[in-house]
Amino acid sequence: MFIKLCRIGQNAVTRFTTQGTPVTSISCAYNFGYGDQEKTQWLEADWWGDRGAKLADKLTKGRQILLTADDIHIETFEKGDKTLGAKLKARVVSLEFTSGSNTSSSDQTPASQA
């Protein structure tokens with residue numbers, strides 16, 4: 001289980017499976033390490049189901065969230081230059097919008113699992 005304070009790196013994108021199930025992808029980053037050793041890790045989290053699709057318009061670049069995810073794994077892909085790339089992927093279990101987000105106070109509510 002992964003629970004981390006993250007910042008969304010680009011607006012969420014919702015796609016649909018051939019069966020019509022919505023999958024909302026959230027690109028987010030979190031920091032680890034301290035001082036001169038602090039680094040940023042990017043994670044692509046997929047939120048399956050209607051809840052993610054309904055909240056996609058609020059999952060915008062720069063917004064801070066508390067992400068709970070599982071099924072964390074590295075996915076490889078072919079880059080445009082034909083070299084092999086890798087990205088960290090996960091499945092969203094739940095997320096909450098935090099007070100550090102660029103939101104109005106009416107949006108400060110937990111978003112539960114789909």
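The length gained by stretching the chain between Ala29 and Asp71 to full extension, at 0.36 nm per residue less their Cα-Cα distance, is 13.4 nm. When semi-axes √(5λ) of the Cα gyration tensor in Å is calculated directly from the model, which label among [x] 28, 19, 11; [y] 39, 21, 14; [z] 22, 21, 12 fits? Evaluating semi-axes √(5λ) of the Cα gyration tensor in Å on these atoms matches [z].
For Asn11 and Leu88, the difference between the fully extended length at 0.36 nm per residue and the C-alpha to C-alpha distance is 25.9 nm. May I ask which of Lys54/Lys79; Lys4/Lys61; Lys4/Lys79; Lys4/Lys39 have a Cα-Cα span longer than 20 Å here? Violating the 20 Å Cα-Cα cut-off are Lys54/Lys79; Lys4/Lys79.
The slack in the chain from Lys61 to Met1, taken as 0.36 nm per residue of separation less the alpha-carbon distance, amounts to 19.2 nm. On a per residue basis, the range 9-87 carries 64 Å² of accessible surface, using protein heavy atoms and a 1.4 Å probe.
The values are calculated or read from the model by the stated rules, or taken from the named source; none is laboratory data. Source: prediction; values computed, not measured. Note: accessible area is taken over every heavy atom of the protein model, side chains too, but ligands, DNA and RNA are not part of it. Shrake-Rupley method; radii C 1.70, N 1.55, O 1.52, S 1.80 Å.
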